[in-house]
Amino acid sequence: MVIVQLRYNYRVYPDAAQRTALSRAFGCARAVFNDALRLRLQAREAGVKYISDGDLSKLVITQAKATEERAWLNEVSAVVLQQALADLNTAYRNFFHSIIGKRQGRALSAPRFRSRKDNRQAIRFTKNARFKVCDNGRLGLPKIGDVPVRWSRTLPSEPTSVTVIKDAAGRYFASFVVQTTPDETLPSTDAEIGIDLGLTHFAVMSDGTKVTAPKFLRRTARKLKRLQQDLSRKTRGSNRRTKAATKVARAHARVADTRRDWQHKLSTAIIRDNQAVYVEDLCVVGLGRTRLAKSVHDAGWASFTRMLQYKAARYGRVFARVDRYYPSTRMCSDCRRTNNKMTLNVREWYCPCGSHHDRDINAAINIKAAGQADFNARGAHVRPTLVPAARKEAGTHPDVACSTRSVEGISIP
Ligand SMILES: [Zn+2]
């Protein structure tokens, strides 16, 4: 059975006492995380065995609480501490898998120490922590209190965890994880589509549709740049600097919000209109290092394909990535001949067979054909059993932007 994890974000408004309690909890979680990381690094330096997750928990939580130095760990929910440790263990596991090639994508670096000055502070409560949504609409957090929430939409079912986040702009968010099955299956359709994620257009579809790349980031880049220059001129540690930093963070958050809204609309429409969606498995990180970086990051393909993936799972559609070494651009979609490599400025071309091609539409048609062939070879009933949450669980990615509008659940009219 397909289980989909969805994340629902809401702005929360803790009062002064709750903000103090939260900052204490952020501090305790950080201390446990850093203590644990230090022990593992020391063990490695001393050439002794990797400390197991269980032993580590005893050392930095159970035993540490009994010491005078770390007695203050008793002031926060134990679950918060365990979850900080779980973040570290996940970071280590991902790092190891990345080294041995078990994990795809960009090579990951070893876990790093967390800092009080990180842009994003977060703690996570699981069901064990007995957090609750109160009758009065507040969010009850153990040892923090009942925090007011702006419920911009209703939660579809009981959440399995909640992460409380403070972002660089000083805003607080509650991010709930909700598990659901794809019971909202849409009426099936015969349409299938291939998508080429391009540089001149954000996306080009095999049916000939071209979607223009949003240039939100670049349009606001000048403003952002000015704000950043303001920031750099302020004296370190001054009040003015803090204010300028908040302005920069807010500008970033606004861009991220707008881009996410746009991507939600587009991905929802694609999933609604097609039974199967195939995209090229681009090495986005690889491209990101070239001079095309700005445009790639503007476009945000990675978050867009993640949306397609979880929406497909949620609504009973097929989503598949096509091998990125597949010559989708220079293969003729009519005669299947592989032609010579083309430079980026070639937008249309003639195949020796006589066909005339739009570079991107031809690529999208090839992606669709390759996706269909792959899928048929694997058998029509093969489907992934677990789709990752649309946004990463908090912890290992300290600079993920948070926003008031980043609700990952969708409703299809
Ligand atoms: Zn041809």
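Taken together, the values in this text are just the output of simple stated rules run on the coordinates, not laboratory data. Predicted model only: the values in this text are computed from it and were never measured. Neighbour counts run over all protein chains shown; Cβ positions are idealised from the backbone, glycine included.
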I'd like the distance separating the alpha-carbon centroids of segment 157-179 and segment 300-325, in whole Å.
24
Part-to-part distance (alpha-carbon centres) for segment 1-45 and segment 100-155, which is given in Å:
6
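Applying 1/(1 + (r/R0)^6) with R0 = 51 Å to the Cβ-Cβ distance of Phe113 and Arg336, what FRET efficiency is obtained, to the nearest 0.05? Mind showing how you got there, number by number?
Working: r = 53 Å, r/R0 = 1.05.
My answer for the efficiency is 0.45.
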When you count, for each residue, the other Cβ atoms within 10 Å and take the mean per peptide, how do 236-243, 369-376 rank with the highest first?
369-376, 236-243
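Rank-order 153-159, 120-126, 361-367, 204-210 by packing density, defined as the average count of other C-beta atoms within 10 Å over each peptide's residues, highest first. Could the numbers behind the result be given before it?
Working: 153-159: 12.7, 120-126: 24.0, 361-367: 25.9, 204-210: 18.3.
Answer by packing, highest mean first, reads 361-367, 120-126, 204-210, 153-159.
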So, how do all the Cα-to-Cα distances of segment 89-187 break down into 5 Å bins, in percent, from 0 on up?
2, 10, 15, 16, 14, 16, 13, 9, 4, 1
Rel. contact order, % - alpha carbon contacts under 8 angstrom, at least six apart, segment 1-156:
32
